[in-house]
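Asker: Please find one structure pasted underneath; my questions will follow.
The values are calculated or read from the model by the stated rules, or taken from the named source; none is laboratory data. Model, not experiment: these values are computed from the prediction. Cβ coordinates were reconstructed from backbone atoms using ideal geometry, including for glycine residues, and neighbour counts include every protein chain displayed. Heavy atoms of the whole protein, side chains included, go into the accessibility calculation; ligands, DNA and RNA do not. Shrake-Rupley method; radii C 1.70, N 1.55, O 1.52, S 1.80 Å.
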Amino acid sequence: ALGQRIKCSLCTKVLKKIRTLAGDNPDEAAVTAALKKGCRLLGRVLGKLCHKLLSKYQDQISQGLQDGDTPRDICTAMGICKA
């Protein structure tokens, strides 16, 4: 369960960062740019994890951010956090 909790908090941390970078009411281009930039800003270890998340869930993350979902909601929808 600990691994799950850590993944969840990493996921929300990553998405908070990306949401900040994307700004309010981001379009898809803004989200995509923020995703790329966000992973770079996280450093090597987290950055790798971030890229892995993105390649698997980019559409879902992008849609969620454009819909104004919270990072926690998006991570839960991706099955990384427990509801």
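Asker: Heavy-atom accessible area per residue, the chain, 1.4 Å probe: how many Å²?
Answerer: That works out to 64 Å² per residue.
Asker: Give the carbon-plus-sulfur fraction of the accessible surface of the chain in %, rounded to a whole number; probe 1.4 Å, heavy atoms of protein chains only.
Answerer: Here it works out to 52 percent.
Asker: Next question. Give me the one-decimal nm value for the distance between modelled label points at K36 and L49, 7 Å along each residue's Cα-to-Cβ direction.
Answerer: Label-label distance for K36 and L49, simple model: 2.4 nm.
Asker: Here's something else I'd like to know. Out of the trypsin sites (Lys or Arg not before Pro) in the stretch 35-82, which ones are loop residues according to DSSP with at most 13 other C-beta atoms within 10 Å?
Answerer: K82
Asker: While we're looking at this one, here's another question. For the chain, what is one quarter of the convex hull surface built on the Cα atoms, given in nm²?
Answerer: Projected over every direction and averaged, the Cα hull of the chain covers 4.7 nm².
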